[in-house]
């Protein structure tokens, strides 16, 4: 049950609407510059992922492995992942950055819920 709740939070972790100091990242090259050799973290879930230039995603959350694949399509980050046997369905997401400190992913091409990661 804990696992299911965590997966749901990965898909729909709401962020305050007042966090407007994020700038859209519309180009794949700019996105790669932002995440290259960095870990995306959400400390609350002990979530750490690497988004690699070869199109792979690797990491862990709550001690379980995360794997996946990503592409860039029409200005959006599109990914599918697996969290230790639990599939996280394909979704294209709006990417926004707050300097080089944080990155926000908003599901459904920016129309859904968001999750903010710290860049380490």
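The values are calculated or read from the model by the stated rules, or taken from the named source; none is laboratory data. Fair warning: this is a prediction, and the values are worked out from it, not measured in the lab. Here the Cβ is made from the backbone with ideal geometry for all residues, glycine too, and neighbour counts use every protein chain on show.
Out of the strands (runs of 3 or more DSSP E) lying entirely within segment 36-120, which hold 1 or more residues that are without any contact (Cβ under 8 Å) to a residue 40 or more places away in the chain and more than 19 Å from residue 23 (Cα to Cα)? Can you show your working first?
Values: elements: 40-42, 47-51, 56-61, 64-73, 76-83, 86-98, 102-106, 114-119.
In segment 36-120, the matching strands (runs of 3 or more DSSP E) lie at 47-51, 56-61, 64-73, 76-83, 86-98.
When you check residue 75 against the structure, is it at pLDDT 95 or above, out of contact with any strand residue (DSSP E or B) (no Cβ under 7 Å at 6 or more places or on another chain) and within 18 Å of residue 33 (Cβ to Cβ), yes or no? Spell out how you get there, then give the answer.
Details: at pLDDT 95 or above: yes; out of contact with any strand residue (DSSP E or B) (no Cβ under 7 Å at 6 or more places or on another chain): yes; within 18 Å of residue 33 (Cβ to Cβ): yes.
Spelling it out, residue 75 is indeed at pLDDT 95 or above, out of contact with any strand residue (DSSP E or B) (no Cβ under 7 Å at 6 or more places or on another chain) and within 18 Å of residue 33 (Cβ to Cβ).
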